[in-house]
Every structure is written in structure tokens, then in C-alpha cells.
Amino acid sequence: MASEYTAKDIMVLEGLDAVRLRPGMYIGTTGSRGLHHLVWEIVDNAIDEASNGYANEITVTLKKDGSCEVTDNGRGLPVDIHPKLGVSAVEVIYTQLHAGGKFDDKNYAYSGGLHGVGASVVNALSRWCTVDVYRDFTHYQQRFESVEDPKTHKIQSGKPLAPLEKLGNTRKRGTCVCFLPDDRVFDSVTFNADTVRHRLRELAYLNRGVKFVFTDEHIKDEALRRVEYVYQGGLNDFVSYLNKDKTVISEPIQYEGDTNGMRIRFCIQYTDSYTESIFSFVNNIPTPEGGTHEAGFKAAFTKAFNDYARKTGVLKEKDNNLSGDDFREGITAVLAVNVKNPQFEGQTKGRLGNTEVRPIVEKWVGDRLSVHLEDLKNQSDAKLILDKAVKAAKVREATRKARDVARQKNELEAAPLVGKLSACTGRDAKLNELFIVEGDSAGGSAKQGRDRRFQAILPLRGKPLNSEKKRLDQVLANEEIRSMITALGTGIGEDFDISRLKYDKVIILSDADQDGAHIRAILLTFFYRYMKPLITEGHVYMGMPPLYKIQKGEKSTYCYDDKELAKAMQSVGKGYTLQRYKGLGEMNPEQLWETTMNPEGRKLTQVSIEDDMEAERMVTILMGDKVEPRKDYIFAYADFNKRDDFKPVRQEGGKA
Ligand code: 28F
């Protein structure tokens, strides 16, 4: 039970101007991710209050004026005066960095926030911030502003306009924080409603029974403007949501508990698919790159099922163990752990590093799974999972040769496949780029137009196999896919080893038409299912060929979308010729180099997984074998011929 906090518990460390000076240090970037971190920080404080059992409803509202309001129905921030500082606890928490007592793990055992930098960062990076506290039948309020000193033009971040005020009586309980992000700090201060909505839904799954209410005041339609997420089933409901458009073949297995100062929860359920989907979290923070908690979970899982396979005679004394891959084929799993001082690693801080976590998770999960499999009532599912794993092992054996080629275990076998590849002369994987080009004619132009020192070309003849819902042997039987695997050099699935990647950038070049979009989707599905780190580590890009060329005399301008075309037509005036490119193949090597391959002027869109859960569902719906969900999705969301469905980022100058 949380003991009572009062102002004296708050450690006071430093002012807020340091935050505005180097915002990246506190919120990562001043781009969209950093902007939304402000929301997550306040929401996490509300969630801490809910996790400690004092609140059960959290609301997030995107206001018309661009501000974001977050409320909870908890005890309300403390309002007593800090003995040393002579100001209220509210003021200390919102004006002192690292205030908020979260650093000792007395009451706030697991703080989910931006690793505890506290709400004061939000205040420091906002034009204004208003805190309302409803506590002891009294409504308190304090407002903060980041104001520019007219003389020095220096901005004082997050200054209180007045001490905490009593505004009157109330029957409400809880805390309400409303802030307007500072456009002098952020590249854009426009919140993305889908980003907020998806994250709140995820938090509702991870915080069983807590109701999350999201309102976007920019939406007119009453029905779409407000949505509630509350799941009494917790991770069970999460797995059901992830499997909504899949064919499940077993009952969910769910356990949760506390051990060694950690909270561990997991839920697994099998589907008829051939790939695995595991989503792991630490203190509610997604860890798409896995880490020690996931490693422990997988190890426990493989051991428990191998032991069970031996006990039931499915595996004989002389048989080898089945591999983790085999047991995880078709699994959808959510693993959520809460730890006191998580260390996040990796490029996007998406991997848990704490070494002590692995053995604890491995033991705890292993104990529960082995008991679960022994339990008579679970026999049928256990047998079914075993049978699926044995089949997967057989398929894996059958593809050993092809997989070895994929892993380039024997260069000899790999050779013929590489025939299609026009390799580059450079050997520096940090510099090299692989263009995967749709069609032979475009492939030919790319080969001629490229800079062969660091640009390799792999032309694809027609559409590669859609790997979703295909067995590994079918995937590896496809020549296009095999040539890609061989060219990249990393191997796939369990064998995938990013350190063997031969290129820094893998650039997909396909036409700007439906077929091109379909090829992009097929390739991204393959990478997502069999080479996911290629995406999460930021190596996959989509090339953007121009749609039009405007020519007047000697001068020609390339336009990449309709907006650029309109601007170019305006500026070039009368007497121009306009060429619309139907496909890459219409450009000669020189043009293809200039417009699409030359690092100096090309436009590339880097592929990233903003929301792992949504990516999983999208791939399942758009590429899976169920037609209904796909049709519904397309009718609901597709806007045909909308070119700016992915925004190209202009490649910085200088060599790739
Ligand atoms: C909309 C955002 O921030 N809710 C919060 C509380 C409640 C207490 C608290 C918070 C001392 C220094 C830790 C109240 N009464 N929603 C929120 N609700 N913080 S933040 O205490 C602050 C502690 O930092 C609270 C008794 N004990 C704790």
C-alpha cells in the first residue's frame, strides 16, 4: 500500500531552462515523437496513480486551441507547502526537474514515465501549462507560462503566474493538466490523433480495468469524436484484439504475478499462421527490439515445451530438441514486465538491457508453463501445439539446404542466385546501398545509371511471392525472395543476423501505380515477417521516382507529386511540354540517376514501425488470407490516387 506522500518527499534538483536548452536530452527529438512524449509523460503520471489503486479513469482531450488536456480521478496532486522551498508541492513538481519522488522506489514502485524526468519537462516545453487539483473538496489551480523577457529576449521556461490558488469547493477528485506545446521548440505542435488513440488503447490493454477516454475536439462527428477503452480481460483482450483477423487454434494461456520485485504478465494464443508475433513491454513502454525479458520468456517457453514433448513421448530419447522457432510458429504473445530501474538500449531505446531480468523471467514463466502443460484440462491444446511444432521442425529440416544458402553457409550454392544481382565494387556495408527494382527495363536503366562504387541493383521480375500465410519452405522456394535473401546476406527468421547485412540502405524502387504499391507491400511484408530488425534498425527505404517532367527549352523540372507540378507550372509559365511518367522504365539511365538514385537530389522515405501492434494488424489484414477484413479496411480507409500517403524526406546532401 502506498504510504502518504507529502511535499517533504520531493527531491529538488535543478531549474527548467536546462530543458529548453537541450530538449533532445529529455524527450529524444523535437519532432513528432518528442511532441507526443509530452502527452505520454503526463498520462504516465496519471497511470501511476491508477496503478497504485487510487484512480480508474484517465481522459485525454485534444483541444481546439491545440492544447492537450489529461485528467485522472485519483487523490489529486499534493498541495501542501514544501518545508524548504516555501512553495506548494504542485509548484515543485512542475517547476523543478527530477522532482516528484519517483527516483526512490518507495511508493511509485514502477514509474512508466519517460524514465522519470517528471512533468516539469512538459511545463518547460509548453507555451503554457495549467494544473487543476481536486482534493479535500477543494479546487486548486496553478498556471505556468514560458515567457520571453522583452529586454533580453530570453525565454523563462514554465514560470508560475501566481502561487497555487484555491478556486472554490468541489465534489470532484483528481488531477487535470492542460498544456500547449511550445511552437518555439517543436518542429510541429500538431498532435496526431491516431498516434494518441492507438497508444491509449495499448495502455488500456496493459492496465486492466482502467478506463481511457480519448476526445479529439477537431472532429465534428459526435460518434467519432470520443472513444473509450477499458478492458477487464487485460492481456487476454490484447491477444484477442491482435488475433481478430486471424484463425485462432488454441485457448489463450495467461499468467501474472510478482517475483523478485518485478511484476510479470504474459498471454499467449496460437493461430494457423506460419510466423510469430510477440509484443513485449517494460513499465508499459513497448520494447519492439525485445531484450532480456523477451529472451527469458522465449527460453522458458522452448524448455517447457521440449520437456513436455519428451514426457509425452512425442520426442524420443535420441531426438534433438525442437527449436524455439518451431514452437513459436503461429504464436501471438504479449509479455509485460514492470521493473524498478529499467535500462533501455538500442537505436530507438526499444530493447531492455537489465541482465538480472532474464533468469527471473525464465524461471517464473518456466514454472507456470510446465505446470500448465501437465494440467489435464490443457492436454488437447498442448498436443495441438506440439504437433504444429513437430510439423514446423520437419519443414525447417526440409529447407535446411535453402536456409543455408539464405545464410550463405555455402557460397557455392548461393552463386547462381546472385546472378541477378549487379553488385557494387565497394565493400563497405556502411556506405553501400541495394536497390530492389521492379521490372527488367527499370532494372537495366538502374544498372547503367547507378554509381557502381556503392550502389548494387537487384531487379525483380514481376511480383515476388506474398509471404504472409506461406510456410517457410514455400517462401524459400520463391526465386525472387531467395535472391533478395542472398543479396542481403543476413539470413532470415531465427537465423537473422543484422551484423551480416551487406548494405546500409535497402531501397525499394517500384512504380507509382497500384502494381508498384502492391510490390512495395509484398516486400515490406516479407521484411516485417522474416527480417524485422532490417526495418526497426532503419535500413529500409522507399525510393520516390518523379511523376512528371516539365520541359521548356533546355530547362526541365521533375515533379514528385501534384502539388509540386502545380507550383512548377505556375513558375515556368507558357510553352512547356509535360511528360507523365507511368513507370520507372520510361526514364533513361541518366534521368533515373538524377531523379531517383543520386543521393544529392533523390527523395527517400525511411520505413519505420511507429506502432508495432498496428503494423501487425495491418500486415495481417492487408496481406493475410481473409478477404472480408481487407475489404472493410480498404472501403474504410483507402483514398485512391492519393499520392502523399507517404511523405518523402529530401536526402541530406553529401555521399550516401
Ligand atoms: C493528469 C496527470 O499527474 N496525477 C497524479 C498524484 C497523486 C499523488 C502524487 C500524483 C510526491 C512527489 C510523487 C497524492 N496524495 N495526473 C497526475 N496524482 N502525485 S501525479 O504524489 C506526488 C508524489 O512525487 C499523491 C498522496 N500521495 C500521493
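The values are calculated or read from the model by the stated rules, or taken from the named source; none is laboratory data. The model shown is predicted, which means the values in this text are computed figures rather than measured ones. Heads up, the Cβs are rebuilt from the backbone with ideal geometry, glycines too, and the neighbour counts pull from every protein chain shown.
At-a-glance table
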quantity: Qualifying residue in region 257-264 (condition: crowded, with 23+ Cβ neighbours inside 10 Å and in a strand (DSSP E or B)); calculated: yes
quantity: Residue selected from region 432-458 under the condition of a type outside the set (Val, Ile, Thr) and within 30 Å of Arg396 (Cβ to Cβ), by the criterion surrounded by the most Cβ atoms within 10 Å (Cβ to Cβ); calculated: Leu434
quantity: Per-region count, region 148-158, residues under 18 Å from Pro23 (Cβ atoms) and exposed (fewer than 15 other Cβ atoms within 10 Å of the Cβ); calculated: 2
quantity: Per-region count, region 61-101, residues crowded, with 21+ Cβ neighbours inside 10 Å, under 24 Å from Leu180 (Cβ atoms) and near the ligand (Cβ under 9 Å from one of its atoms); calculated: 11
quantity: Filter result for the condition that a residue is hydrophobic (A, V, I, L, M, F, W, C) and in contact with a helix residue (DSSP H, G or I) (Cβ under 6 Å, 6 or more places away or on another chain), over Phe144, Phe137; calculated: Phe144
quantity: In region 517-542, the residues that are touching a Pro at 6+ places or on another chain (Cβ under 9 Å) and either closer than 20 Å to Gly462 by Cα or of a type in the set (D, E, K, R) (or both); calculated: Ile519, Ile522, Leu523, Phe526, Lys532, Met542
quantity: Residues of region 261-275 satisfying the condition of being touching a Gly at 6+ places or on another chain (Cβ under 9 Å) and either over 15 Å from Lys391 (Cβ atoms) or free of Cβ contacts under 8 Å to residues at least 60 places away in the same chain (or both); calculated: Arg263, Ile264, Arg265, Cys267, Asp272
quantity: Counted residues, region 491-512 - those being part of a helix (DSSP H, G or I) and either of a type in the set (D, E, K, R) or in contact (Cβ under 8 Å) with a residue 40 or more places away in the chain (or both); calculated: 4
quantity: Residue in region 254-269 that is among the charged types (D, E, K, R) and more than 25 Å from the chain's Cα centre (by Cα) present; calculated: yes
quantity: Checklist (1) surrounded by 15 or more Cβ atoms within 10 Å (Cβ to Cβ); (2) in contact with an Asp or Glu (Cβ under 6 Å, 6 or more places away or on another chain); (3) among the small types (Gly, Ala, Ser) applied to Ala398, failing item; calculated: (1)
quantity: Condition check for His218: at pLDDT 95 or above and either within 16 Å of the ligand (Cβ to nearest atom) or farther than 25 Å from Ile93 by Cβ (or both); calculated: yes
quantity: Cβ pairs under 7 Å, 6+ apart, first in region 168-183 and touching a residue at least 12 places away in the same chain (Cβ under 8 Å) and on the phi > 0 side of the Ramachandran plot, second of a type in the set (Phe, Trp, Tyr) and within 13 Å of the ligand (Cβ to nearest atom); calculated: Gly174/Tyr134
quantity: Residues of region 286-308 classified as assigned to a strand (DSSP E or B) and either surrounded by fewer than 20 Cβ atoms within 10 Å (Cβ to Cβ) or acidic (Asp, Glu) (or both), total; calculated: 1
quantity: Residue check, Val196 surrounded by 20 or more Cβ atoms within 10 Å (Cβ to Cβ) and aliphatic (A, V, I, L, M); calculated: yes
quantity: Residues located in region 216-231, provided they are in contact with a helix residue (DSSP H, G or I) (Cβ under 6 Å, 6 or more places away or on another chain) and touching a residue at least 40 places away in the same chain (Cβ under 8 Å); calculated: Asp216
quantity: Of all residues in region 590-615 being under 28 Å from the mean Cα position of the chain (by Cα), of a type in the set (Val, Ile, Thr) and not in a loop (DSSP other than H, G, I, E, B), the one that is modelled with the highest pLDDT; calculated: Thr596
quantity: Check on Leu114, farther than 18 Å from Lys211 by Cα, touching a helix residue (DSSP H, G or I) at 6+ places or on another chain (Cβ under 9 Å), modelled with pLDDT under 95 and more than 11 Å from the ligand (Cβ to nearest atom); calculated: yes
quantity: Any hit, region 5-26, residues being within 15 Å of the ligand (Cβ to nearest atom), of a type in the set (Asp, Glu) and at pLDDT 95 or above; calculated: no
quantity: Which listed residue, of Phe344, Phe327, is on the phi < 0 side of the Ramachandran plot, of a type in the set (Phe, Trp, Tyr) and within 22 Å of the chain's Cα centre (by Cα); calculated: Phe344
quantity: Test result for Asn236, buried (at least 17 other Cβ atoms within 10 Å of the Cβ) and at positive phi; calculated: no
quantity: Check on Val506, in contact with a His (Cβ under 8 Å, 6 or more places away or on another chain), modelled with pLDDT of 90 or more and of a type in the set (A, V, I, L, M); calculated: yes
quantity: Selected residue (criterion: modelled with the lowest pLDDT) from residues of region 117-138 that are within 12 Å of the ligand (Cβ to nearest atom) and part of a loop (DSSP other than H, G, I, E, B); calculated: Gly118
quantity: Unique match (being touching a Lys or Arg at 6+ places or on another chain (Cβ under 9 Å) and either closer than 26 Å to Thr275 by Cα or in contact (Cβ under 8 Å) with a residue 40 or more places away in the chain (or both)) among Ile481, Ile535, Ile436, Ile485; calculated: Ile485
quantity: Residue list for region 426-452, restricted to those being acidic (Asp, Glu) and in a strand (DSSP E or B); calculated: Glu433, Glu438
quantity: Leading residue by the ranking (surrounded by the most Cβ atoms within 10 Å (Cβ to Cβ)) among those in region 513-552 that are among the small types (Gly, Ala, Ser) and touching a helix residue (DSSP H, G or I) at 6+ places or on another chain (Cβ under 7 Å); calculated: Gly543
quantity: Strands (runs of 3 or more DSSP E) wholly inside region 540-589 containing at least 3 residues that are under 39 Å from the mean Cα position of the chain (by Cα) and either within 30 Å of Leu488 (Cβ to Cβ) or of a type in the set (Lys, Arg) (or both); calculated: 540-543
